[in-house]
Ligand SMILES: Cc1cc2nc3c(=O)[nH]c(=O)nc-3n(C[C@H](O)[C@H](O)[C@H](O)COP(=O)(O)OP(=O)(O)OC[C@H]3O[C@@H](n4cnc5c(N)ncnc54)[C@H](O)[C@@H]3O)c2cc1C
């Protein structure tokens, strides 16, 4: 690729760009997994790949992420195939069952429903892993697999044959395809003129971890309150769980102001029957509960993955699993190009990627939105329908299995790197 393939002329005094076939922008979990998945399918083909983004714990990283990610079995399979699972398994707790306790339906009280992985013949639905451990293990592996440019991208110029990226610190990169994984406020997405539809819910989500008296037995508990679900997810210590407490914005703010002991007491008031006494609570992070859908999943020589393309409320553990499927689908699309030659930024690659992702992204976005709104609404017919659904799920094993499969896997075939025994 030559400099003349780009639109705007570069500064004549500037040093020539470093040239790559593909540049992944953003060192969050979705970008890191994409870089590794592409490196995996490009092995032995001479494809030039790079990852652009500040390292997870570099000067630009803010605090330590208090979130964990419940990753479904297909996402865990992807991590196995990318060679990172061994480093992660010590941080991971299996999710063998999910218990839903309805605390929302005053008028139509529903029974407790327990979904067990063994009902589907699985040892676990997936594993719960702290984000910080996940990102660190992925970053260490990426640094061995592709060229890492540890700076933020500052500006993009799209040309016919490629994209030029100017980075913080003065470096310039040229790439035939850019994978935008730079998150919610993506520079790449806006440089390509891709609009988003975004919306807020009147809620926030507090993410933390805590220690408790009774063992969790690898069961995640979702307490469905009117303000939003309060979810505990097992950690490797049988007496420790992570927490995602979705609640009204004002209550969330007040909870964030509490001293650790008072927060533990507030949590215990909701969870005592499940966890027993709650002692130590870790650092808390508060996240807005919001949704975002990019109006297109591709732009000129650009594809979007992870939260750059879609943001879901943290309910039902869907967000990063969806981002991992973006990465693995893109690897499927690009594998034949790497192997047989061709332009990774061509229109057919871009449209093939967008077509393969649309249904999965749309069904998850709509599904999680409906689930959240069905809790928030005071509309009696919706509450009645929710209660009836929970009663049906408790009583009818086939319905329960259907719901579990729908939660675990996309409505489209899984990409190759997410299938066991590939
Ligand atoms: C409370 C909570 C709980 C959750 N629990 C789950 C769960 O259990 N299961 C699940 O699947 N999902 C879960 N999610 C969703 C999951 O956390 C997100 O989907 C995931 O962290 C998003 O990763 P990402 O890589 O797409 O984006 P980010 O993590 O936002 O990464 C974006 C990266 O881009 C970098 N960047 C930004 N601008 C630039 C630039 N100009 N140049 C270079 N780099 C740049 C940033 O530094 C960052 O590293 C949860 C979310 C929340 C809020």
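Every number here is computed from the coordinates shown, using simple stated rules; none is lab data. From a predicted model like this one, the values you see are computed outputs, not experimental measurements. A quick note on method: Cβ atoms are made from the backbone with ideal geometry, for glycine too, and the neighbour counts reach across all protein chains shown.
Dividing the mean sequence gap of close Cα pairs (under 8 Å, 6+ apart) by how many residues region 121-236 holds gives a relative contact order of 15 percent.
Can you give the FRET efficiency to the nearest 0.05 for residue 406 and residue 15, using r as the Cβ-Cβ distance and R₀ = 41 Å? Rounded to the nearest 0.05, the efficiency is 0.20. FRET efficiency for the pair residue 416 and residue 377, taken as 1/(1 + (r/R0)^6) with r the Cβ-Cβ distance and R0 = 45 Å, rounds to 0.65. Each residue in 404, 256 was given a count of other beta-carbon atoms within 10 angstrom of its own, and listing them fewest first yields 256, 404.
Put a dot 7 Å past the Cα of residue 348, heading toward its Cβ, do the same for residue 369, and the two dots end up 3.4 nm apart.
For the pair region 250-277 and region 86-134, the centres of their Cα atoms are 21 angstrom apart. Per residue, the chain reaches -11500 deg cm²/dmol at 222 nm when only DSSP H runs of four or more residues are counted, each adding -39500 (n - 2.57). Any idea what angle helix 380-395 forms with the longest principal axis of the chain, computed on alpha-carbon atoms, 0 to 90 degrees, nearest 10? That helix lies at roughly 90 degrees to the long axis.
Against the chain, whose longest principal axis comes from its Cα atoms, helix 29-42 is set at around 50 degrees. Remark: 21, 198, 343 ranked as 198, 343, 21, counting other beta-carbon atoms within 10 Å and listing the fewest first. The distance between label points at residue 89 and residue 254 comes to 4.6 nm (points 7 Å beyond Cα on the Cα→Cβ vector).
The angle between the Cα long axis of helix 397-408 and the main principal axis of the chain comes to about 30°, on a 0 to 90 degree scale. Note on residue 140 and residue 99: the extension gain reaches 11.2 nm, defined as 0.36 nm multiplied by sequence separation minus the Cα-Cα distance.
Taking every C-alpha pair closer than 8 Å and separated by at least 6 residues, the mean separation divided by the residue count of the chain gives a relative contact order of 22 percent. Going from the residue with the fewest nearby Cβ atoms within 10 Å to the one with the most, 216, 151, 340 rank 340, 151, 216.
The gain in end-to-end length when the residue 279 to residue 199 segment is fully stretched comes to 25.2 nm, 0.36 nm per residue minus the alpha carbon separation.
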